[in-house]
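A short write-up of the structure that comes next.
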Amino acid sequence: MHRYHDAGQSALLFATNVAAIVATGTVAFLCYGVRAGAERAHMRVGQFRGRTLGAVVCVVVLVAVPLTVGTVTVAQDRSLATDARPVAEKWAATGTWQIMSVEARNGIVVISALGLPPQPAPTALRTALDDHGMRDADLELHLVGGRTQWCPSETDTCTVQEGGRSCLRPDSREVYAPP
């Protein structure tokens, strides 16, 4: 699954480069009158029609749409991670745990915590995130020395799993029962 995503991102990068080169070249040639100079030099110059310019604009728009969507997604994830960090740190401070990292991937809050048993209840973190306006974001909590907890949005339960959902790996889960 990751390879298809990487291939898609590589194709988008290539298309972005092509669109930028074509658009920049078109604008530069029009601004500097390259067509008129070529005609004065008695070179064969094809007709420049609105369809030609329309094709250039179409290529730029076709690339701009996925770039804009990707940029918005990244900005939302960064904002979500920034909002989740103080909530996670306060949750970890209730015990002997430390927050190692807080990220967001496609609207999933991914938190890594390190500490000694007993672990704080993941459901308490889920509730705290909900109380701070992050009710629609799923939570993936990696407890170093423990297991990964999956706490879906808009629920008050968490499940234990062997890997991470944000990494797109299907894993077996069992219901988490707070101690």
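The values are calculated or read from the model by the stated rules, or taken from the named source; none is laboratory data. Remember, it's a predicted structure, so these values are computed and weren't measured experimentally. We place every Cβ from the backbone using ideal geometry, glycine too, and count neighbours over all the protein chains shown.
One table, with the values for the structure above:
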{"read-out": "Selection count where residues are within 15 Å of GLN149 (Cβ to Cβ), touching a helix residue (DSSP H, G or I) at 6+ places or on another chain (Cβ under 8 Å) and among the small types (Gly, Ala, Ser), scope segment 81-139", "value": "7"}
{"read-out": "Selection from segment 136-151 of residues that are surrounded by fewer than 16 Cβ atoms within 10 Å (Cβ to Cβ) and either modelled with pLDDT of 95 or more or within 20 Å of the chain's Cα centre (by Cα) (or both)", "value": "ASP136"}
{"read-out": "Which listed residue is modelled with pLDDT of 90 or more and assigned to a helix (DSSP H, G or I), from ALA36, ALA64", "value": "ALA64"}
{"read-out": "Unmet criterion (only one of (1) charged (D, E, K, R); (2) touching a residue at least 60 places away in the same chain (Cβ under 8 Å); (3) exposed (fewer than 14 other Cβ atoms within 10 Å of the Cβ)) for ARG105", "value": "(3)"}
{"read-out": "Tally, over segment 1-33, of residues that are in a helix (DSSP H, G or I) and in contact (Cβ under 8 Å) with a residue 60 or more places away in the chain", "value": "1"}
{"read-out": "Residue pairs meeting the criteria (Cβ under 9 Å; at least 6 apart or on separate chains; first among the basic types (Lys, Arg), in segment 112-140; second not in a loop (DSSP other than H, G, I, E, B))", "value": "ARG126/LEU139; ARG126/LEU141; ARG126/GLN149; ARG126/CYS151; ARG135/LEU129"}
{"read-out": "Selection within segment 101-135 - under 21 Å from the mean Cα position of the chain (by Cα) and assigned to a strand (DSSP E or B)", "value": "SER101, VAL102, GLU103, ALA104, ARG105, ILE108, VAL109, VAL110, ILE111, SER112"}
{"read-out": "Residues being loosely packed, with under 11 Cβ neighbours inside 10 Å and among the small types (Gly, Ala, Ser) - total across segment 12-33", "value": "1"}
{"read-out": "Qualifying residue in segment 59-69 (condition: under 30 Å from ASP136 (Cβ atoms) and touching a Pro at 6+ places or on another chain (Cβ under 8 Å))", "value": "no"}
{"read-out": "Test for THR24: is it under 30 Å from VAL109 (Cα atoms), modelled with pLDDT of 90 or more, of a type in the set (Ser, Thr, Tyr) and not assigned by TED's automatic domain parsing to the domain that holds GLY107", "value": "no"}
